[in-house]
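Okay, so here's the structure we're looking at.
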Amino acid sequence: MDSNYNPQKIEAKWQKRWEEQKLFDADVSPGRKKYYVLEMLPYPSGDIHMGHVRNYSIGDALARFMSMEGYNVLHPIGWDAFGLPAENAAIKHQRPPAEFTFSYIDRMRKQLKRLGVSYDWRREIATCVPDYYRWNQWFFLKMYERGLAYRKKSRVNWCPECETVLANEQVVDGCCWRHDETPVIEKEIEQWFLKITDYAERLLEDMKELVRWPERVLTMQQNWIGKSWGTEVDFQIVELGQPLRVFTTRVDTIFGCTAVFLAPEHPQIEKLIAASKSPERLRAEVERIKTSAIRARVEVNLEKEGVATGFTARNPYNGGTVPIWVANFVLMEYGTGAVMAVPAHDQRDFEFCTAFNLPIRTVIVPVNNVGKGFKPAPTEAFVDYGELVNSGPYSGLTSEQAIERMTRDAEAKDFGKGTVQYRIKDWGISRQRYWGTPIPMIYCDTCGIVPVPEEDLPIVLPAGVKLTGEGQSPLANVPEFVSTQCPKCGESARRETDTMDTFVDSSWYFYRYTDPKISTAPVSQEAVDYWFPVDQYIGGIEHAILHLIYMRFFTKVMKDIGLVNFSEPVARLFTQGMVIKDGAKMSKSKGNVVDPTLMFEKYGADTVRLYMLFAAPPEKDLDWSDAGIEGASRFLGKVYRLVARHADTLRSIESQLGKRSSPSGLTGEERRLLRKAHQVLRHVTEDMEERWHFNTDVAMTMELVNELTELESGVSDGRVRPEVLKVSLEILVLVLALFAPHIADELWESLGHSTPTLRVEWPAYDPELAAEEELELPVQVNGKLRGRIRVAVGTGEDEIRRRAQAEEKVAQHLNGRKIVKFIVVPQKLINIVVK
């Protein structure tokens, strides 16, 4: 065994051996307990970043632990390979996006193998290959058959200069990202949608199954789905004599309505413009608000803007009239596209009406405050439920009572109704892009819209397409792709030239991993039945309301068409924190990017992995520290040298690991050493099973190394027998195998073992040895911490009382005072009550 730690040499050796031994291959094995651990698949952007390293280090620690616990572990990886970045790079460099994508995949695959993650590479997928995306098309056809895929006109961001659709992130300050002086407009075009709204209630109801998902993610999904019970109320446009239906969740506040706000796309606006005394001015103002509304959808804190139309609406509850405004923050997609402004009881309305000098009328006060001079805050609305005032026959009711009665009255008098609304809208999947899955639909002048027959799938992306980023979808400029025959009548027809949103690709990829080679169906029933659900999914919180909702939606559709027999695909979800540097997210523009490959070359992959797990709890952001990575490197060097000093002596000694009893006649040093080793083992075992305090696991491992180093001298003089030293080092190495597997396998081999650590049974800790021999008890006086004492486990209460009163700082607070009560909470704390 080399005396000096050479991480690059060791890591290359073990990566080669793991691959030769097919150590990470996992296959269906009926009767054997399984565990499916999954990290969100990466986009092939060119290089892995430190966020990837952290994510995959967390997942790999868990995968290795579960393998050592005897589970058949599925741990796959793939590539979310379609998307706009590759297409933009292709436009910039005039090279095909496939060329960029596959070269990036090759580079990132090498980096991940260099990291030593225990992936079953046989299961690798890339979503941009026809063998994968043909099943995107198959799913689309199945949804079309069930009425879940449909086409309608929808508003999009449109750059007049590019003559193309823009994604929200391509709208910068209201202008096109390529042409910063060209205002983006809204345009209606035909697009394809998936009817996720049909599943809104099931998406909410099935959350009861997600008991091991973070509450924060569930809350974000509930808010995104946005189920709200409310009332639709018909105001009347006074000047036109036509109804204007508004939706509100707080009909109890309607007597405080001082305006009605319309979305700039509301269909009544054209009638208002036509009837206006200044139609040109009003149209120009509405267009200005419409442009502002586009920005408001992508810029959260954009200033709220509006324009008065000059028309009024009559409130059916009190007969009063209020002005009609067009506002940039009202969404046509939510409710009816018209809302009532109640500035005294809605903060957004309060800010708007204050800015535009619209009246503010209080109609709700806290319960039991009527007649007591309640005064609302001058800078904010009173938004809580309360008691109605200034509300005609409803005054004196609570908000809950009023909502029920006022809704019932609206229905009885036929000017409104109770209704349920969802914030979530159908999923628009059409993209006027090249680098995505072609939508398998055909347009025939005789037969209309016709689906591509399943036997004709996949509809393959043509090669050699000229990409400019301007004009219609690039596929529309490829005659040999567009021209086809109608499957029904055989006449000339044209193909759909839009491609699918890339979130379709990532909505079911984790099923494909279970049998990536199957050619007769998107998934293998046998493989899914064995491997699902995903036992642990790991990824960023930023995916909470898109990917994690879409994947749940896809699973429910798959259940409905008979592909799976469950409703939720993931049993447990973990969202890790970001890796930052100097307090900011890593980015090239900030100059604070840390390149993983350079770190591998300088310190080795094990050092980087260990540091990622040690520097912060996994759910928190990790602020990169050069001193921290140096410290991790020194620690592994210390461990290596420690084992190297004793490897020759210990190699031939029979291992005591896993034996039911510890060596007899332990010396004080041996007991101390084994106690620390088993305490570390207990801590790591319990953490891997539930808490994931990897940072404290590594910290305790460092304490064990310090203990071993301190007691090394006892080996030569007989105070620590070689078999005790060996078992302590074996525990150290097996714990280290979760966090730094290359060096762990090297050290395991040096201690005389031929089996890699991944195939070693995880040792059980000895509860007696792992127990603390001493406890530190906080001592309170009248509930305030005044001192601490250390006592042996099992110390009697009389002795604890004596030691607590004798503690120096406690004694100062007891001096001359009478002890009324002495409370001892066993193994927890002491509280002395005095007067």
Placing each pseudo-label 7 Å from Cα in the direction of the beta carbon, Ser754 and Asp47 end up separated by a distance in nanometres of 4.3 nm
Share (percent) of C-alpha pair distances in the chain greater than 53 Å works out to 32 percent
Using alpha carbon centers only, segment 673-733 is separated from segment 744-764 by a whole-angstrom value of 15 Å
For Thr398 and Arg651, extending 7 Å from Cα along the Cα-Cβ vector and measuring point to point gives, in nm, a value of 7.9 nm
The helix 130-145 Cα axis meets the longest alpha-carbon principal axis of the chain at an angle in degrees, between 0 and 90 and rounded to 10, of 50 degrees
Rounded to the nearest Å, the spacing of the alpha-carbon centers of segment 627-669 and segment 40-72 is 27 Å
With a 28 Å threshold on alpha-carbon distance, the violating pairs from Lys227/Lys413; Lys13/Lys588; Lys425/Lys588 are Lys13/Lys588; Lys425/Lys588
Subtracting the Cα-Cα distance of Glu454 and Val824 from 0.36 nm times their residue separation yields 125.8 nm
In nanometres, the difference between 0.36 nm per residue of separation and the alpha-carbon distance of Arg634 and Lys517 is 37.7 nm
Note: probe point = Cα of Lys113 + 7 Å toward Cβ; backbone nitrogen < 20 Å; residues of segment 1-38 passing the test are 7-26
Given Cβ charges of +1 for Lys and Arg and -1 for Asp and Glu, the option among Val698, Leu711, Gln679 whose Cα lies farthest towards the positive end of the dipole of segment 673-724 is Leu711
Violations at 30 Å Cα threshold for listed pairs Lys195/Lys417; Lys110/Lys556; Lys16/Lys517; Lys556/Lys581; Lys517/Lys556 -> Lys110/Lys556; Lys556/Lys581
Taking Cα pairs closer than 8 Å and at least 6 residues apart, the relative contact order of segment 10-76 in percent is 48 percent
Projecting the Cα atoms of Gly320, Pro30, Gly70 onto the charge dipole of the chain, where Lys and Arg contribute +1 and Asp and Glu -1 at Cβ, the residue farthest towards the positive end is Gly320
Counting only backbone N atoms under 12 Å from a point 7 Å out along Cα-to-Cβ of Val594, the residues of segment 621-659 in range are 622-633
One would report the antiparallel percent of DSSP beta bridges in the chain, rounded to the nearest 5, as 75 percent
In Å², rounded to a whole number, the accessible area per residue of the chain with probe 1.4 Å is 44 Å²
Checking segment 748-834 for GluC sites (Glu not before Pro) in a loop per DSSP with at most 14 other beta-carbon atoms within 10 Å yields Glu761, Glu772, Glu773
For the chain, longest principal axis from Cα atoms; helix 668-686 axis from its Cα atoms; angle between them, nearest 10 degrees, is 20 degrees
Contour minus Cα-Cα span, Gln472 to Trp229, at 0.36 nm per residue, comes to 83.4 nm
Expressed as a whole-number percentage, the relative contact order of segment 391-539 with C-alpha contacts under 8 angstrom and at least six residues apart is 22 percent
With +1 at each Lys and Arg Cβ and -1 at each Asp and Glu Cβ, the charge dipole magnitude of the chain around its Cα centre, to the nearest 20 debye, comes out at 1460 debye
Gyration tensor (Cα only) of segment 723-786 to equivalent ellipsoid, semi-axes in Å sorted down, yields 38, 14, 10
By the mean-Cβ-within-10 Å protection proxy, highest first, 339-349, 567-577 rank as 339-349, 567-577
If R0 = 45 Å, then Glu772 and Lys187, at their Cβ-Cβ distance, give a FRET efficiency to the nearest 0.05 of 0.05
Note, Asp2: beta-carbon cut-off 13 Å, +1 each Lys/Arg, -1 each Asp/Glu, net +1
Tilt, helix 399-412 to longest principal axis of the chain (alpha-carbon atoms), in degrees rounded to tens, equals 40 degrees
Surrounding charge for Gly718, neighbours by C-beta under 14 angstrom, Lys/Arg +1, Asp/Glu -1, total -3
Applied in sequence order to segment 734-743, the curve 6.51 cos²θ - 1.76 cosθ + 1.60 (Karplus, θ = phi - 60°) yields integer Hz couplings, x standing for Gly and Pro, of 5, 5, 5, 4, 6, 10, 9, x, 5, 5
Expressed in nanometres to one decimal, the distance between label points 7 Å along Cα→Cβ at Ala412 and Ile541 is 4.8 nm
Mean separation of Cα contacts under 8 Å (at least 6 apart) over the residue count of the chain, i.e. the relative contact order in percent, is 14 percent
Net charge near Lys581 (other residues with Cβ under 10 Å of its Cβ; Lys, Arg +1; Asp, Glu -1) is -1
About its Cα centre, segment 536-600 carries a charge dipole, from +1 on Lys and Arg Cβ atoms and -1 on Asp and Glu Cβ atoms, whose size in debye to the nearest 20 is 80 debye
Given unit charges at Cβ for Lys, Arg (+) and Asp, Glu (-), the dipole magnitude of segment 528-657 about its Cα centre in debye, nearest 20, is 200 debye
Checked against the positive end of the charge dipole of segment 724-782 (+1 on Cβ of Lys and Arg, -1 on Cβ of Asp and Glu, about the Cα centre), the farthest of Leu769, Asn782, Leu736 is Leu736
At R0 = 41 Å the Cβ-Cβ FRET efficiency linking Glu215 and Glu333, nearest 0.05, sits at 0.90
Restricting to aspartates and glutamates and to Cα separations under 19 Å from Lys152, and discarding same-chain partners fewer than 8 apart, the set is Glu186, Glu188, Glu190, Asp198, Glu265, Glu333, Asp426, Asp445, Glu496, Asp498, Asp501
Checking rank on 686-697, 811-822, with mean other Cβ inside 10 Å and highest first, the result is 686-697, 811-822
Pairs over 24 Å Cα to Cα, from Lys187/Lys304; Lys22/Lys620; Lys187/Lys277, come to Lys22/Lys620; Lys187/Lys277
Excluding residues fewer than 8 positions from Lys828 in its own chain, the lysines with Cα under 16 Å of it are Lys784
Output ordering of 483-494, 151-162, 258-269 (per-residue mean of other Cβ within 10 Å, highest first) is 258-269, 151-162, 483-494
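The values are calculated or read from the model by the stated rules, or taken from the named source; none is laboratory data. In this text, all values refer to a predicted model and were calculated from it rather than measured experimentally. In this analysis, Cβ positions are derived from the backbone assuming ideal geometry, glycine residues included, and neighbour counts consider all displayed protein chains. Surface areas here come from the heavy atoms of the whole protein model, side chains and all, with no ligands, DNA or RNA. Shrake-Rupley method; radii C 1.70, N 1.55, O 1.52, S 1.80 Å.
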